[in-house]
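This report refers to the structure that appears directly beneath it.
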Amino acid sequence: MKRYSVFAIAREAMRHHTGWERAWASPEPRPSYDVIVIGAGGHGLATAYYLGKNFGITNVAVIEKGWLGGGNTGRNTTIIRSNYLQDPSAAIYEKARSLYETLSQDLNYNVMFSPRGLLMLAQTHHEVRGYMRTVHANLLQGVETEWIGPDQVKRLVPIMNIHGPRYPVLGALLQKRGGTARHDAVAWGYARACSAMGMHIIQQCEVTGVRAEGGVVSGVETTKGFIGTKKLAIVVAGHSGQVAEMAGFRLPVEAVALQALVSEPVKPCIDVVVMANTVHGYMSQSDKGELVIGGGTDSFNNFTQRGSFHHIEETLRALVETFPIISRLKMLRQWGGIVDMTGDRSPIISKTPLGNCFINCGWGTGGFKAIPGSGWAMAELVAKGEPGPLAAEFGMDRFRAGRFIDESVAAGVAH
Amino acid sequence: MLILECPCCGVKAEETELSPGHEAHLKRFGPGSSDEEFESYMFARKNPKGVHFERWRHSYGCGKWFLAARCTATLEVFGTYPAQTSEPPPDIVARIKARRPEWEGCK
Ligand SMILES: Cc1cc2nc3c(=O)[nH]c(=O)nc-3n(C[C@H](O)[C@H](O)[C@H](O)COP(=O)(O)OP(=O)(O)OC[C@H]3O[C@@H](n4cnc5c(N)ncnc54)[C@H](O)[C@@H]3O)c2cc1C
Ligand SMILES: [Zn+2]
């Protein structure tokens, strides 16, 4: 792999850009691998990357039914934060956030991490108390967040109307090193680095069955034939239930649609990410100038990657009160993704009833921010067969034990 | 927009009038059951991509619960029926089989 650098740009400028290589190879599958990862979203690719980087396991295939990054990884609103309430969540999301800080250098690929600051607005007294509690929890967890009053919110976001009338802004939880990154670039950067280590990324290849004998997986049936493996990692987000069924077990997961939309591009007007959980809306501005907007999930089981129109209406109605200047903006595009929701709204990084099969899912509406940390933890689980400290609490046995990691109260909104 | 006919009051209700109640026909396990049974009753879900039987409440209408058979991949509705039913009625099963010959039945 040729490195990207300022010298590479200069060199290619001199020779009409004829020397750029393909970022990753498109090989035909081998008969078998040491590890197969199903799903080339951010989490699957990061799992493969850290298997190679941290454990020297490179005889790996990542199998993807569509194109890499075409699932939720390429459909999300790219918010990155780690201001969670519970200790296990703060640990893994902060690990991820801190890996994002140097990910571009690590991958030699610009993922455009932009720690522009993230505000979670408190618009009820209940939320004020909740976020103050989170600030204290974060202090103990070593996650840098602070509570700020309405005046300071207004200073940070001049276009915000803090006076309501329905939902005045009473303050906010600020994480200064939260922000955004370019979602496709995260998938592409990991894919390029995996390919450079000799791993196979096999796109347009759907896994249709899992072959197992005596509680041990021997390989997967795919649209390109049978492929053998010593270990299997299932990392397929919205389709986790379907692949788990192929492997013969059931998950505490349901799939629902989550939508997002972007406005026409406008001049820079907001340079932080703002989340308003009471009214269910959040917004940031992309480098192209579009306002990137998201809201709540449709609450019924749904695999259509669309979502219901009235949710967009609710989200925009709420945001127009808080940001009156957006009321006459045109919306350019709207889309949906299928998110995998668990009972406690926390993810699963777990062993399964099959000895050499592992699963990573349940990131639901908020897993983009977790990609590097999740891949790191999943690689450790797959390599050693046992979870390390980051993943230990996220086993799916927690539902039987009643040991929930309850973030549904803390996270409130989809993001 | 999803439209379901409420079998209690007969109104063709649109989604904004309804609240979803997720998987129907769950077998309840309570005190005295094993941990596995209780866990699977509480958390494990079929979550099919295709035919799904589910509970709905006509919350901004008559307020009553009812059941619906629906395809989660296309949003096609096969029919609705009263909540006081322990398995899908034969006419709805027949309609699903006609529309989805590959359907393996209620697992
Ligand atoms: C609208 C929206 C907004 C969001 N906003 C945010 C946000 O602001 N911040 C945040 O942190 N998170 C956000 N999320 C959540 C985030 O996008 C996801 O949690 C994350 O991208 C999940 O990554 P993944 O790699 O697990 O899944 P995916 O990217 O969905 O990858 C799974 C892959 O598996 C493949 N696959 C499935 N079945 C098979 C099969 N049988 N064989 C082969 N391949 C298969 C799929 O094609 C897919 O490419 C948002 C999600 C949505 C939908
Ligand atoms: Zn009714």
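Table: residues versus (1) at the interface with another protein chain (Cβ under 8 Å from one of its Cβ atoms); (2) more than 16 Å from ligand 1 (Cβ to nearest atom); (3) in contact (Cβ under 8 Å) with a residue 12 or more places away in the chain.
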residue	(1), (2), (3)
B:E17	no, yes, yes
B:P20	yes, yes, yes
B:L26	no, yes, yes
B:K49	yes, no, yes
B:H52	yes, yes, yes
B:F66	no, yes, yes
B:F78	no, yes, yes
B:Y81	no, yes, yes
B:S86	no, yes, yes
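State whether one or more residues within the stretch B:29-46 are more than 13 Å from chain A (Cβ to nearest Cβ), more than 16 Å from ligand 1 (Cβ to nearest atom), exposed (fewer than 14 other Cβ atoms within 10 Å of the Cβ) and modelled with pLDDT of 95 or more. No, the stretch B:29-46 has no match at all.
Taking the stretch B:28-58 as the range and being closer than 30 Å to A:T208 by Cβ and either small (G, A, S) or assigned to a loop (DSSP other than H, G, I, E, B) (or both) as the test, the residues that pass are B:S40, B:F43, B:A44, B:R45, B:K46, B:N47, B:P48, B:K49, B:G50.
Among the residues of the stretch A:358-381, those that are within 6 Å of ligand 1 (Cβ to nearest atom) and more than 10 Å from A:D340 (Cβ to Cβ) comprise A:G366, A:F368, A:K369. Among residues of the stretch A:161-180 that are within 19 Å of A:M132 (Cα to Cα), those with a beta-carbon under 8 Å from a residue that is outside any loop (DSSP other than H, G, I, E, B) and hydroxyl-bearing (S, T, Y) at least six positions away or on a different chain give the pairs A:Y167/A:T322; A:V169/A:T322; A:G171/A:Y131; A:A172/A:Y131; A:L173/A:Y131; A:L173/A:T134.
The residues in the stretch A:105-157 that are more than 20 Å from A:T180 (Cα to Cα) and outside any helix (DSSP H, G or I) can be counted, and the count is 7.
Residues that are in contact with a Gly (Cβ under 6 Å, 6 or more places away or on another chain) and among the aliphatic types (A, V, I, L, M) within the stretch A:149-186 comprise just one, A:V186. Take B:L4 and tell me if it is within 11 Å of chain A (Cβ to nearest Cβ), touching a residue at least 60 places away in the same chain (Cβ under 8 Å), under 20 Å from A:N302 (Cα atoms) and of a type in the set (A, V, I, L, M). It is true that B:L4 is within 11 Å of chain A (Cβ to nearest Cβ), touching a residue at least 60 places away in the same chain (Cβ under 8 Å), under 20 Å from A:N302 (Cα atoms) and of a type in the set (A, V, I, L, M). In summary, A:Y84 fulfils each of the numbered conditions (1) at pLDDT 95 or above; (2) among the aromatic types (F, W, Y); (3) in a loop (DSSP other than H, G, I, E, B) with the single exception of condition (1). Give the stretch B:16-41 a look and list any residue that's under 16 Å from the mean Cα position of the chain (by Cα) and within 15 Å of ligand 2 (Cβ to nearest atom), or say none. Listed by number, the residues that qualify are B:L18, B:S19, B:P20, B:G21. Regarding B:K12, is this residue out of contact with any His (no Cβ under 7 Å at 6 or more places or on another chain) and within 16 Å of ligand 1 (Cβ to nearest atom)? No.
Across the stretch A:218-246, the number of residues qualifying as more than 14 Å from chain B (Cβ to nearest Cβ), of a type in the set (A, V, I, L, M, F, W, C) and surrounded by fewer than 23 Cβ atoms within 10 Å (Cβ to Cβ) comes to 2. Among the candidates A:G189, A:G142, A:G198, A:G178, the residue that is touching a Phe, Trp or Tyr at 6+ places or on another chain (Cβ under 6 Å) and within 26 Å of A:P372 (Cβ to Cβ) is uniquely A:G189.
Return yes when A:S89 is assigned to a helix (DSSP H, G or I), more than 11 Å from ligand 1 (Cβ to nearest atom) and crowded, with 22+ Cβ neighbours inside 10 Å and no when it is not. So A:S89 passes the test. Once the stretch A:50-77 is narrowed to residues that are farther than 26 Å from A:V292 by Cβ and among the hydroxyl-bearing types (S, T, Y), the residue that is surrounded by the fewest Cβ atoms within 10 Å (Cβ to Cβ) is A:T58. Scanning the stretch A:313-324 for residues that are within 14 Å of A:A260 (Cα to Cα) and surrounded by fewer than 18 Cβ atoms within 10 Å (Cβ to Cβ) yields A:E313, A:E314.
Exactly one residue out of B:A44, B:A13, B:A68 is away from ligand 2 (no atom under 16 Å from the Cβ) and of a type in the set (A, V, I, L, M), and it is B:A44. Filtering the stretch A:297-318 to residues that are under 21 Å from the mean Cα position of the chain (by Cα), over 17 Å from A:L332 (Cα atoms) and more than 7 Å from chain B (Cβ to nearest Cβ) leaves A:T297, A:D298, A:Q305. Mind listing just one residue for me: the one in the stretch A:364-389 that is in a loop (DSSP other than H, G, I, E, B) and surrounded by fewer than 21 Cβ atoms within 10 Å (Cβ to Cβ) and, of those, nearest to ligand 2 (Cβ to nearest atom)? Going through the qualifying residues, I end up with A:P387.
For A:G198, indicate whether it is within 14 Å of ligand 1 (Cβ to nearest atom), over 30 Å from A:S308 (Cα atoms) and either assigned to a loop (DSSP other than H, G, I, E, B) or more than 14 Å from every other protein chain (Cβ to nearest Cβ) (or both). Answer is no for this residue. Among the residues of the stretch A:319-344, those identified as more than 14 Å from chain B (Cβ to nearest Cβ) and among the polar types (S, T, N, Q) are A:T322, A:S327, A:Q334.
Taking first residues from the stretch A:37-56 that are away from chain B (no Cβ under 14 Å) and more than 7 Å from ligand 1 (Cβ to nearest atom) and partners that are among the polar types (S, T, N, Q) and not in a loop (DSSP other than H, G, I, E, B), the Cβ contacts under 8 Å between residues at least 6 apart in sequence or on separate chains come to A:V37/A:T47; A:A46/A:S374; A:T47/A:N360; A:T47/A:S374.
The values are calculated or read from the model by the stated rules, or taken from the named source; none is laboratory data. These figures come from a predicted structure and were not determined experimentally. Using ideal geometry, Cβ is built from the backbone for each residue, glycine included, and neighbour counts are taken over all protein chains shown.
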